[in-house]
Amino acid sequence: MSNSIDLIGRDLGTPFDPADPIEQQDWEEWTIPPSSGEMGADLLAQTPNSRAVRLLDPSLVAGGLPLVPGGEGEFDVLLPTPDRVEPDRFFDTRGLHHDLDVPLNVPGLGLVNIWSFRTTLPDDTQVAPWPARTIRCREGEVVHSRMANRNGPHTIHHHGIEPTPMNDGVGHLTMDINDGALYDYQWRAGEAGTYFYHCHVNTVLHFEMGMYGMLIIDPDVPGAPFVDGGPGAVMVGNNPVGYDAEAIWAADDIDVRWHSTVNHPNYSPESGIVSGGFVSITDPENPRLHDFNPTVFVVSGVPAPVAPGGDGTLLTGAGATTTFGQKLLVRALNASYCTTRWRFPGTLQGTVVGIDGRTLGRSPFGSYSAPYSLSSVNHQFQLTTAQRWDILIDTGTAASLGQHVVEVDYHHWYTDARLFTVRLPIQVNPA
Ligand SMILES: [Cu+2]
């Protein structure tokens with residue numbers, strides 16, 4: 001683990017001062033966030049009064065990437081990371097538009113256009129799964145997530161992590177990473193738990209189009225970080241506890257009009273791009289991003305068939321298999337805009353050990369919470385957008401053998417009408 005963590009915590013300059021005319025100008029200009037390329041160009045030229053020049057004084061950028069045009073491969077400008085330190089772990093991620101290796105094939109409907117992130121693996125091969133590849137690290141590590149784009153701009157917001165402002169990946173607060181630019185987000189893995197990351201440019205659209213992946217911080221124990229699917233270890237209170245298998249369930253919903261799989265006259269043939277831009281809600285060319293009516297329901301990239309007969313489908317492709325006596329860790333994320341209601345079978349003994357990246361009953365706040373059994377909440381709970389629950393299941397009890405089914409209801413975000421139910425199998429085989 002790095003011993004230079006204390007160096008992280010300093011970047012942006014002074015708070016907004018409405019009496020300062022330069023700040024006022026910034027405020028107005030930042031209604032449209034600057035791109036990383038603009039920030040880099042301003043730094044190169046030392047443009048007077050540029051926000052980048054004032055916030056990213058090169059003297060503050062200790063050990064940063066060289067700020068040079070054409071500095072690395074195909075990318076034009078490398079924007080330095082303030083207070084950069086040597087990372088313990090590095091991920092190389094590129095935002096993508098309609099360029100997935102395997103587009104989503106929905107039974108009964110056909111191909112749905114998805115946006116995601118492409119990841120360059122340590123051996124230089126590139127993968128672009130959906131959801132995007134899990135960013136997985138160990139508690140306490142300093143992580144760099146390198147971001148570069150074609151068909152941008154995009155950002156990476158590491159949801160639930162609290163980095164310094166420059167590294168938060170919220171376009172309007174910092175900058176969008178535009179085409180031809182490159183930036184290393186720097187953050188520290190603070191507390192073991194289940195998180196996720198997503199693009200935060202025009203979030204309503206880009207998140208819906210699919211730009212997210214899991215972010216998992218494993219406990220600081222031997223073998224961590226672990227491989228998706230298990231085995232691994234999870235914090236239960238103050239102690240790491242081993243599990244044998246892991247089910248990562250990210251519930252998502254898709255309004256296909258936004259993905260241009262149908263020739264709706266009000267939508268551009270370009271995926272998610274609306275001719276005429278984002279204007280008034282009475283404009284027939286408007287995307288109507290408030291008008292969200294999903295018809296495709298997905299768990300961790302596995303779509304349920306579209307009707308007829310789709311409602312209540314058993315999603316075997318997203319199911320989990322364990323052996324009697326093993327422990328199964330379920331990480332449930334609501335990556336949809338629906339409200340999701342999860343019902344676990346009473347035949348499985350589950351314990352809720354973490355919520356939203358925080359371990360229940362763990363010091364220093366341990367006296368304010370404690371792990372609790374699923375039976376104490378009647379085996380059901382509700383997750384709104386972006387919420388996560390970690391549930392540790394013991395399959396060594398009398399009723400454990402056989403197939404168990406978790407049901408997830410998708411309720412419309414506004415009307416609360418139930419739109420769809422998917423069923424997720426947990427198979428417990430004899431030892
Ligand atoms: Cu994006």
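The values are calculated or read from the model by the stated rules, or taken from the named source; none is laboratory data. Not measured: the values here are computed from a predicted model. Cβ sites come from the backbone with ideal geometry, for glycine too, and all protein chains shown count toward neighbours.
Residue by residue, here is whether (1) at pLDDT below 95; (2) surrounded by 14 or more Cβ atoms within 10 Å (Cβ to Cβ); (3) in the same structural domain as Tyr212 (by TED's automatic domain parsing); (4) part of a helix (DSSP H, G or I) holds:
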{"position": "Ser375", "(1), (2), (3), (4)": "no, no, no, yes"}
{"position": "Phe381", "(1), (2), (3), (4)": "no, yes, no, no"}
{"position": "Ile391", "(1), (2), (3), (4)": "no, yes, no, no"}
{"position": "Ser400", "(1), (2), (3), (4)": "yes, yes, no, no"}
{"position": "Val405", "(1), (2), (3), (4)": "no, yes, no, no"}
{"position": "Val408", "(1), (2), (3), (4)": "no, yes, no, no"}
{"position": "Trp413", "(1), (2), (3), (4)": "yes, yes, no, no"}
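Which residues, counting only those in the stretch 193-211, are at pLDDT 95 or above and either within 16 Å of the ligand (Cβ to nearest atom) or basic (Lys, Arg) (or both)? Please lay out each step first, then the result.
From the stretch 193-211, those at pLDDT 95 or above are 193-198; that's our starting set.
Within the stretch 193-211, Phe196, Tyr197, His198 qualify.
Given the residues Ala247, Ala192, which is the only one that is within 20 Å of the chain's Cα centre (by Cα), among the small types (Gly, Ala, Ser) and in the same structural domain as Trp130 (by TED's automatic domain parsing)? Spell out how you get there, then give the answer.
Working: Ala247 fails: in the same structural domain as Trp130 (by TED's automatic domain parsing).
Unique residue meeting the criteria: Ala192.
So, of the residues in the stretch 160-181 that are within 17 Å of the chain's Cα centre (by Cα) and away from the ligand (no atom under 14 Å from the Cβ), which turns out to be surrounded by the fewest Cβ atoms within 10 Å (Cβ to Cβ)?
Checked the stretch 160-181; the qualifying residue surrounded by the fewest Cβ atoms within 10 Å (Cβ to Cβ) is Glu162.
Test of understanding: among Val68, Val61, which residue is crowded, with 18+ Cβ neighbours inside 10 Å and at pLDDT below 55?
Criteria check complete, one pass: Val61.
Please indicate, with yes or no, whether at least one residue in the stretch 134-154 is on the phi < 0 side of the Ramachandran plot and free of Cβ contacts under 8 Å to residues at least 40 places away in the same chain. Spell out the reasoning first.
To start, the set of residues in the stretch 134-154 that are on the phi < 0 side of the Ramachandran plot comprises 134-139, 141-150, 152-154.
Going one step further and asking which of them are free of Cβ contacts under 8 Å to residues at least 40 places away in the same chain, we end up with none.
The answer is no; no qualifying residue exists.
Kindly establish whether Met214 is within 12 Å of the ligand (Cβ to nearest atom), in a strand (DSSP E or B) and either farther than 20 Å from Val85 by Cα or among the aliphatic types (A, V, I, L, M) (or both). Spell out the reasoning first.
On the way: within 12 Å of the ligand (Cβ to nearest atom): no; in a strand (DSSP E or B): yes; either farther than 20 Å from Val85 by Cα or among the aliphatic types (A, V, I, L, M) (or both): yes.
Answer is no for this residue.
Pull out all pairs, ordered by first then second residue, where Cβ-Cβ is under 6 Å, the residues are six or more apart or on different chains, the first lies in the stretch 191-204 and is aromatic (Phe, Trp, Tyr), and the second is within 12 Å of the ligand (Cβ to nearest atom) and in a loop (DSSP other than H, G, I, E, B).
That search, which allows pairs on different chains as well, returns Tyr197/Ile156.
When you go through Asp253, Asp244 one by one, which is the residue that is more than 16 Å from the ligand (Cβ to nearest atom), at pLDDT 95 or above, more than 21 Å from Leu383 (Cβ to Cβ) and of a type outside the set (Ser, Thr, Tyr)?
Working: Asp253 fails: more than 21 Å from Leu383 (Cβ to Cβ).
Testing whether each residue is more than 16 Å from the ligand (Cβ to nearest atom), at pLDDT 95 or above, more than 21 Å from Leu383 (Cβ to Cβ) and of a type outside the set (Ser, Thr, Tyr) leaves just Asp244.
Restricting the search to the stretch 147-187, which residues are in a strand (DSSP E or B), at pLDDT 85 or above and of a type in the set (A, V, I, L, M)?
Within the stretch 147-187, just Met147 meets the criteria.
Can you tell me which residues in the stretch 353-373 are touching a Pro at 6+ places or on another chain (Cβ under 6 Å) and either over 21 Å from Ile248 (Cα atoms) or surrounded by fewer than 17 Cβ atoms within 10 Å (Cβ to Cβ) (or both)?
We begin by selecting, within the stretch 353-373, every residue touching a Pro at 6+ places or on another chain (Cβ under 6 Å); these are 353, 360-361.
Listed by number, the list holds a single entry, Gly361.
Could you list, ordered by first residue, the pairs with Cβ atoms under 8 Å in which the first is in the stretch 37-51 and charged (D, E, K, R) and the second is not in a helix (DSSP H, G or I), at least 6 apart or interchain?
Glu38/Met175; Glu38/Asn178; Asp42/Ser50; Arg51/Trp30; Arg51/Pro34
Are any of the residues in the stretch 147-155 of a type outside the set (Lys, Arg) and away from the ligand (no atom under 16 Å from the Cβ)?
Residues of the stretch 147-155 that are of a type outside the set (Lys, Arg), as a first pass: 147-149, 151-155.
Within this subset, residues satisfying the condition of being away from the ligand (no atom under 16 Å from the Cβ) are none.
Among the residues of the stretch 147-155, not one is of a type outside the set (Lys, Arg) and away from the ligand (no atom under 16 Å from the Cβ), which makes the answer no.
Here is a check on your reading of the model: is Leu383 among the aliphatic types (A, V, I, L, M) and under 28 Å from the mean Cα position of the chain (by Cα)? Explain how you work it out, then say what you get.
Working: among the aliphatic types (A, V, I, L, M): yes; under 28 Å from the mean Cα position of the chain (by Cα): yes.
Here the answer is yes, as Leu383 does meet what is asked.
When you look at Gly237, is it more than 22 Å from the chain's Cα centre (by Cα), within 24 Å of Glu407 (Cβ to Cβ) and at pLDDT 50 or above, yes or no? Spell out how you get there, then give the answer.
Numbers: more than 22 Å from the chain's Cα centre (by Cα): yes; within 24 Å of Glu407 (Cβ to Cβ): no; at pLDDT 50 or above: yes.
So Gly237 does not fit the description; no.
Let me spell it out: the conditions are (1) at pLDDT 85 or above; (2) touching a Lys or Arg at 6+ places or on another chain (Cβ under 8 Å), and Gly190 meets all of them except one. Which number is the exception?
Gly190 satisfies every listed condition except (2).
When you check Asp184 against the structure, is it within 14 Å of the ligand (Cβ to nearest atom) and either in the same structural domain as Thr93 (by TED's automatic domain parsing) or under 24 Å from Ile254 (Cα atoms) (or both), yes or no? Full working, then the answer.
Working: within 14 Å of the ligand (Cβ to nearest atom): no; either in the same structural domain as Thr93 (by TED's automatic domain parsing) or under 24 Å from Ile254 (Cα atoms) (or both): yes.
Spelling it out, it is not the case that Asp184 is within 14 Å of the ligand (Cβ to nearest atom) and either in the same structural domain as Thr93 (by TED's automatic domain parsing) or under 24 Å from Ile254 (Cα atoms) (or both).
Within the set of pairs 6+ apart or on separate chains, which have a first residue in the stretch 404-425 that is without any contact (Cβ under 8 Å) to a residue 24 or more places away in the chain, a second that is buried (at least 21 other Cβ atoms within 10 Å of the Cβ) and not in a loop (DSSP other than H, G, I, E, B), and C-beta atoms under 9 Å apart?
Arg418/Tyr410
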